[in-house]
Amino acid sequence: MKKTWSLLALLVLSQGVTAQTFPAKPIRLVVPFAPGGSSSIVARAVAIEMEKGLGQPIVIENKGGGGGNVAMLEVAKADPDGYTLIIGHVGSLAMNPFMYDKLPYDVDRDFAPVSLLAIVPAIFVVHESVPAKDLREFVALAKKEPGKMYYGSAGNGSAGHLAMEYLKQATGIDIQHVPYKGTGPNIIDLVAGRTQAASAGTPPLMPHVKAGKLRVIAVGSAKRLQTLSGVGTVAEQGYPGFETSQWYGLNVAAKTPEAIIRRLSAEAAKAAKSPPVLERFAADDAEGIGSTPAEYAAFVKKEQERWSKVVRAAKIKAD
């Protein structure tokens, strides 16, 4: 019995010493997508501020492929010492587990939550030729001509695909899906009028909205956006409880010492709420959050419940 207590005491002491000396070297932050997207923007903005508090550089590594699964597997197998972080995303944490028949890791078992960093609202747009000024008119039009309109997405199983399927389920409309290989090709055809609708974050869509080629009919977030204050949310336009957004958090490998997770969480939350980061996020209508590990875990669970229902009802399988 004394030996057991001694081992426990040594374990607690060693964790305390580790936390006090952490970090003693550069930290690696893996972004599970190609450079240039919102995930990279969030990672770089937050990392710059976290470095100030941690006293060590944070090296960002973009590692795309497999809808984020390649990077997720690598971090799941990393040493649980707090020196390898990954950007958690609505796709990798709340959608992929239900779209793939089998993943080489378990998002709940193999990762520990650190902090929710940012939420980027999704918007719903239509081509300028579509005679609908808002969501109510769009729904009425789609119900009048079921199956005749087409919406594009960045690919089968993408966030935009699921957002539109979620909208279809909530409103009872029948519009057809056209998957593209990326956001760029999707928007090119939408602006040209070859498809009639889409959903994405504001950055790739707003230039075309301002040019008059696209019209925003609804905002997917729980509240209106400052830059689109005249556009109602989906919930406001008759569908209470509807909410869809891109979100980004910070995760580490499971079994990372709690003291290290608390340290990382405190610095991440401080960074996400710092003036430089909030200013950068505001440019893309993103909201800086910063949360405790428990708050982040509860948020992910709620999102998993939401998107698992959408995926199953729409019978979506990732390519």
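Laboratory data are not the source of any read-out in this text; all were calculated from the coordinates shown. Keep in mind that this is a model prediction, so the values were computed, not measured. Quick reminder, even Gly has a Cβ in these numbers, built from the backbone with ideal geometry, and neighbours come from all protein chains shown.
Close amide H partners of Gln176, meaning residues 5 or more places away or on another chain with modelled amide H under 5 Å apart, are Met149, Tyr150, Tyr151.
Amide H to amide H, with H built 1.01 Å from N, Gly88 comes under 5 Å of Gly249, Leu250, Asn251, counting only residues 5 or more places away or on other chains.
Would you mind computing the Rg to Rh ratio of the range 121-228 from its alpha-carbon coordinates, Kirkwood style for Rh? Numbers along the way, then the final one.
Values: Rg = 12.4 Å, Rh = 13.5 Å.
So for the range 121-228, dividing Rg by the Kirkwood Rh gives 0.92.
Only lysines eight or more places from Lys25 in sequence, or on another chain, were considered; those with a Cα closer than 23 Å are Lys52, Lys63, Lys77, Lys255, Lys270. A simple rule links phi to the HN-Hα coupling: the Karplus curve 6.51 cos²θ - 1.76 cosθ + 1.60 with θ = phi - 60°, which for the range 242-255 gives 6, 7, 9, 7, 8, 9, 9, x, 10, 10, 10, 5, 4, 6 Hz, with x for Gly and Pro.
As a rough footprinting exposure proxy, the listed residues Arg215, Arg109 were ranked by other beta carbons within 10 Å of their own, and the order from fewest upward is Arg109, Arg215. Remark: the range 71-79, residue by residue, has Karplus-estimated 3J(HN,Hα) of 5, 4, 5, 4, 6, 4, 8, 5, 4 Hz, where x stands for each Gly or Pro and the curve is 6.51 cos²θ - 1.76 cosθ + 1.60 at θ = phi - 60°.
Among (i) 17.1; (ii) 15.1; (iii) 21.2, only one was calculated for this model; which label is it, if the read-out is mean projected area of the Cα convex hull in nm²? Correct label is (i).
Phi angles of the range 169-179 translate, via the Karplus equation with coefficients 6.51, -1.76, 1.60 and θ = phi - 60°, into HN-Hα couplings of 5, 5, 9, x, 8, 10, 10, 8, 8, 10, x Hz per residue; Gly and Pro are given as x. Neighbour counts of other Cβ atoms within 10 Å put Tyr166, Tyr180, Tyr105 in the fewest-to-most order Tyr105, Tyr180, Tyr166.
If you count Lys pairs in the range 121-228 whose Cα atoms are under 23 Å apart, skipping same-chain pairs closer than 8 places in sequence, the total is 16. With r defined as the distance between the Cβ atoms of Asp101 and Lys302 and R0 fixed at 25 Å, what FRET efficiency is calculated, to the nearest 0.05? According to the calculation, E is roughly 0.55. For the options Ala47, Ala192, Ala159, a Gaussian network treatment of the chain with springs between C-alpha atoms closer than 10 Å singles out Ala192 as fluctuating the most. Among Ile86, Ile60, sorting on how many other beta-carbon atoms sit within 10 Å of each Cβ, with the fewest leading, yields Ile60, Ile86.
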